[in-house]
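As structure tokens, the structure follows; a few thoughts come after it.
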Amino acid sequence: MESKTIVMISFTIMILLSFSYPSLAIENDEDKPLLNSDDEFDAVMAISPSESDYNRDMLESQPRTFFDYLDRCSEKMGPESVKCGTEVRAEILRNKDASRDCCRMIVKAGKECHMQWMKLFFQTYQLKRFSSKRILKSNEIWNRCSKEIGSVSLISD
């Protein structure tokens, strides 16, 4: 019984010493900071584009024909296309269904138009972290809207 007590006391003392003297602990590579100084952190941050710079660069990298196509899509959707875009983003991010009128505009413009708008939305800085869900969510919206509205051929241009 006495030897167990001595071992427990020794073990407790070793643990307390390792807490009070961290240099006695074994240092792993993971314990080292990724950046060594504030200057190095500032340099990394200077290289990283801001949110607005990222979006501007992303938009400038798109071909003009892509924006021409999106303009034609918006014209097909009608004057409420901006409001519909907001509803679609709310459906994607907050699971709040877009209105029936918005669905009508989406179906009227066509699936390819809808998918291209979704592609652009998910390339923005604010939404790029959700881009893995882009195709799934875009198809879910299209399927729900086309089912709710009916066949594309029933809608007059």
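For the listed residue pairs K108/K133; K108/K128; K76/K111; K76/K96, the alpha carbons are over 19 angstrom apart in K108/K133; K108/K128; K76/K96. Taking square-rooted eigenvalues a ≥ b ≥ c of the alpha carbon gyration tensor, is region 51-157 rounded, prolate or oblate, where a/c under 1.5 means rounded and, failing that, a/b exceeding b/c means prolate? It comes out oblate by the Cα gyration axes.
Values quoted throughout were computed directly from the atomic coordinates according to the rules given, and no laboratory measurement underlies them. All of these numbers come straight from a predicted model, not from anything done at the bench.
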